[in-house]
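Remarks on the structure that follows.
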Amino acid sequence: MLSERVQNARESITLKLNATAEELRREGKTIYNLTAGQLPFPPESQLIDEISKQLPKLASFQYSPVPGFPELRKKATAYVEKTRGIRWEEGRFDCVISTGAKQSIFNLVASIVDPGDEVIVLAPYWVSYPEIIRYWGGQCVVVGPSQDVGKDIKVQSIKEAITPKTKAILLNTPGNPSGVYYSQQWVHEFAELIVSYPQIQILSDEIYSQLYYDGPGPRFPYQFRPELLDRTFIIDGISKSMACTGLRIGFSFGPKKTMKAMSTIQGQSTSGANSLIQKALMNYNFSDIENYLDPIKDHLRNNSALVREKLDQYSLSKAWYQTNGAFYFLMSFEGLPILERFKKSGSKGKDGDYAADICEGLIEETGVVMVPSSDFGQTNGGRISLVLEKKALAEALDLAFGYLSST
Ligand code: PLP
């Protein structure tokens, strides 16, 4: 008999679509996969060298301390302090290294959320947030998406969602799936709001913080109100900005007591993260990330421009996110011929949301795989990953947009 907790867990629609795509590929159909949540490039050669150097050492194959090697925790802390322009007070804050940022978030929610506590999540959101919150018995309170397609949620709407039960709020900037970071003015306003609610903790998922390619770059609430550091938890890792999704290293930073609790949970579940990779990272120069990302940012900027050009070409343009970060482009199907077609065809949809049906039709007819926005708390849209090589992306967009504009 399955536990109630597991029975309530939902499988992502993306996994189902990827299975359909795989089946079609086996039948010989060309598949363009626009669902990738990782950079298709090798990590920086320096990092690969450091990993090779650790291979012959016995300690690389043995347990690491549960919260991670102290040298790496110190180094990761210094890196975050430098890149965010902050200084954590000596002795009051700590860092825990986990098996990927997802585990960091999982342990963090476990450490601060009691059953019945409310956690505010801003839509469109990363798929795993509501699942992790629910897993630990929390109530996920979704705010947004904005009625004004492609615009940030109003800070006033967040204020209206706060209740005495609100324990935390999750912020992800630059965001997955929106592909944008909140403006400086928005983050400042947000910081001013949260300062006046001392019971609310901020879970700041900054896994894409270095991945921005237009504008001044993301800002974070504690940069406007440093006192918020006392109740902010920063999540980062090597998956996105170092192109190391498979090496599974995530970092969390925050007040010591909570970090200790996270370490306790980790000690009773997965133990310390991968020793070999931690040791390699200890010798890697984190400031090389910036140079490594330069050409990647050009690639993402060009691909984002290509999506907009193609939307224009197929007369699908409308107000939507002007992408400037992470590696996604979220598009809306609202008002597009395809949506009308699905509504009229008697397709089931789900509460007026046809995103999954449209994305399924898209795979079957064109071989292009897009993630339906329903998984992100947004109806009738799809997420395009910008990481594909330009020529393949152009081919995929021609097929996809041809389908989406067909009447
Ligand atoms: N947070 C966001 C917003 C993500 O998009 C992802 C991965 O897709 C993660 C966290 C998890 O990262 P990791 O692969 O390090 O577990």
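The values are calculated or read from the model by the stated rules, or taken from the named source; none is laboratory data. Note that the structure is a prediction, hence the values are computed from the model and not measured. A quick note on method: Cβ atoms are made from the backbone with ideal geometry, for glycine too, and the neighbour counts reach across all protein chains shown. When the accessible area is computed, the model is the full protein with side chains, heavy atoms only, and any ligands, DNA or RNA have been set aside. Shrake-Rupley method; radii C 1.70, N 1.55, O 1.52, S 1.80 Å.
Laid out as a table, the results:
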| item | result |
| --- | --- |
| Volume per residue that the Cα convex hull of segment 169-209 spans, once the total is divided by residue count, Å³ | 62 Å³ |
| Kirkwood Rh in Å, taken over all unlike Cα pairs in segment 31-82 | 14.3 Å |
| Solvent exposure, largest accessible area first (probe 1.4 Å, DNA, RNA and ligands not counted), of Leu122, Leu388 | Leu388, Leu122 |
| Debye-sum result for segment 234-349 in log10 I(q)/I(0), which assumes one identical scatterer on each alpha carbon, at q = 0.09, 0.10, 0.12, 0.16 Å⁻¹ | -0.49, -0.58, -0.73, -0.91 |
| Nearest 10 degrees, 0 to 90: helix 184-195 Cα axis against the chain principal axis | 60 degrees |
| Most to least packed among 112-121, 376-385 [average Cβ atoms within 10 Å] | 376-385, 112-121 |
| Given charges at beta-carbon only (K, R positive; D, E negative), |dipole| of segment 304-355 in Debye | 180 debye |
| Candidate lysines - alpha carbon under 27 Å from Lys350, same-chain residues fewer than 8 apart omitted | Lys16, Lys151, Lys154, Lys318 |
| Reciprocal of mean inverse Cα separation for segment 211-268 (Kirkwood radius, Å) | 13.6 Å |
| Alpha-carbon Rg/Rh ratio, for segment 57-138, with Rh computed the Kirkwood way | 1.05 |
| Heavy atoms of Ser374: accessible area, 1.4 Å probe, square angstrom to 10 | 40 Å² |
| Distance (nanometres) between label positions extended 7 Å along Cα→Cβ at Arg87 and Lys344 | 6.6 nm |
| Protein-only accessible surface order, largest first, of Arg219, Arg10 at 1.4 Å | Arg10, Arg219 |
| Segment 110-254 - share of DSSP beta bridges that are antiparallel (%, nearest 5) | 20 percent |
| DSSP bridge pairs, the chain: antiparallel proportion in percent, nearest 5 | 50 percent |
| Segment 15-105: radius of gyration over Cα atoms, expressed as a fraction of 2.2 N^0.38 Å | 1.62 |
| Net charge over other residues, Cβ less than 13 angstrom from the Cβ of Ser263 (K, R count +1; D, E count -1) | +3 |
| Directionally averaged projected area (convex hull, Cα atoms, segment 100-205), nm² | 6.3 nm² |
| Debye intensity ratio in log₁₀ form over the Cα atoms of the chain, taken at each q of 0.07 Å⁻¹ | -0.33 |
| Kirkwood-based shape ratio for segment 308-407, expressed as Rg/Rh from alpha carbons | 0.93 |
| Stokes-Einstein translational diffusion, segment 52-101 - Kirkwood Rh over all Cα pairs, 0.890 mPa s, 25 °C, in µm²/s | 194 µm²/s |
| In Å, descending, principal axis extents of the Cα set of segment 31-172 | 55, 49, 32 |
| Dimensions (Å) - segment 352-407, Cα atoms, principal axes, largest first | 34, 26, 16 |
| Chain lengthening between Glu364 and Ser315 when straightened (0.36 nm per residue, less Cα-Cα) | 15.4 nm |
| Nitroxide proxy distance, nm - points 7 Å out along Cα→Cβ at Glu160 and Gln7 | 3.6 nm |
| Kirkwood hydrodynamic radius over Cα pairs of segment 244-312, then Stokes diffusion coefficient at 10 °C and 1.306 mPa s, in µm²/s | 101 µm²/s |
| Largest-first principal axis extents of the Cα set of segment 173-252 (Å) | 40, 26, 19 |
| GNM flexibility winner over the chain from Gln54, Gln184, Gln147 (Cα, springs under 10 Å) | Gln147 |
